[in-house]
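A short worksheet on the structure shown next.
The values are calculated or read from the model by the stated rules, or taken from the named source; none is laboratory data. If you're wondering where the values come from, they're calculated on a predicted model, not measured in any experiment. Ideal geometry is used to build each Cβ from the backbone, glycine not excepted, and the neighbour counts take in all protein chains shown.
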Amino acid sequence: MISTRHARFPLCLLLAAFIPISTAFTGKVPWRLPVAEKRDQVLPRLKAKHADEVAVEEVRALKQTILEEAAGTSNGLKATPQQRDAISKAINGLAAANPTKDITTSELATGTWDLIYTTTPGASGGKLGPFIGEVQQEVDIAEGLYVNYVRLGPLTGRLEATWDVVNKSQWKVVFKSIAFLLFGQQLVKNELDQAGLWTLSYLDDDMRVLTARSLERDTGNVYVLARA
Ligand SMILES: *[C@@H]1O[C@H](CO)[C@@H](O)[C@H](O)[C@H]1NC(C)=O
């Protein structure tokens, strides 16, 4: 009968032979290999995760700045120059951190969005005569349809548009019709034949930033929207 001690002996010999051979091939001590490999894999991943977390934190802070500065400014129409400046800087920061590379075709834009800030002094910013209404956008990427609502008490303005994708950052928006509704009943609807150029600069789960301008003009107006 072979004792356990004797049975282990050839195994030790095998190991003793295997280690130098395998080290000669790999240049590494075999039993350290799994640990070293793990470390080489995990450390960069931890660093990347940390960088991601910093970026996420920065984006959150930029959004917070926009929301706080725009609060109580009636879509930005009543914003002070200081507020506009702070928001403009935050918008530039967001654009630099845009996570949605296919921004002009991404399904992420589909849904209902509340306007929280704009630099436009006009109706698309909610201004109706002396009043300022609430502006909401409904976007349906699959349908290629975009509807802009301006709501002021019982009155609703409804602007319908479609678009062509110009390139990776721009839409040519074609306005189709504008209607006015009172208590949900359509009073008047006019067909439109106008176009504008939108530069889309930021899109994620809960915020969008775009700059809209007419085809003739160079300067545009920025719009920041939050998912409703
Ligand atoms: C898209 O086209 C416009 C001109 O209409 C140009 O200024 C812009 O740089 C283009 N953007 C990209 C991402 O190609």
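Quick rundown of the values:
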| quantity | calculated |
| --- | --- |
| Strands (runs of 3 or more DSSP E) completely within the range 110-228 that count 2 or more residues being within 16 Å of the ligand (Cβ to nearest atom) | 155-165, 170-182, 185-203, 207-214 |
| Of all residues in the range 168-190 being among the aromatic types (Phe, Trp, Tyr) and touching a residue at least 24 places away in the same chain (Cβ under 8 Å), the one that is surrounded by the most Cβ atoms within 10 Å (Cβ to Cβ) | Trp171 |
| Selection count where residues are of a type outside the set (A, V, I, L, M), without any contact (Cβ under 8 Å) to a residue 24 or more places away in the chain and within 24 Å of Ile116 (Cβ to Cβ), scope the range 135-154 | 3 |
| Given (1) more than 16 Å from the ligand (Cβ to nearest atom); (2) of a type in the set (Lys, Arg); (3) closer than 23 Å to Ile66 by Cα, index of the condition Lys101 fails | (1) |
| Residue check for Gly129: within 18 Å of Arg151 (Cβ to Cβ), at pLDDT below 95 and among the small types (Gly, Ala, Ser) | yes |
| Every pair of residues 6+ apart whose Cβ atoms lie under 6 Å, when the first sits in the range 155-167 and is over 26 Å from Phe180 (Cα atoms) while the second is part of a strand (DSSP E or B) and not acidic (Asp, Glu) | Val166/Lys172 |
| Number of the condition not met by Ala123 [criteria: (1) within 19 Å of Asn221 (Cα to Cα); (2) touching a residue at least 40 places away in the same chain (Cβ under 8 Å)] | (2) |
| Some residue of the range 191-199 being touching a residue at least 40 places away in the same chain (Cβ under 8 Å), touching a strand residue (DSSP E or B) at 6+ places or on another chain (Cβ under 7 Å), under 23 Å from Ala90 (Cβ atoms) and crowded, with 17+ Cβ neighbours inside 10 Å | no |
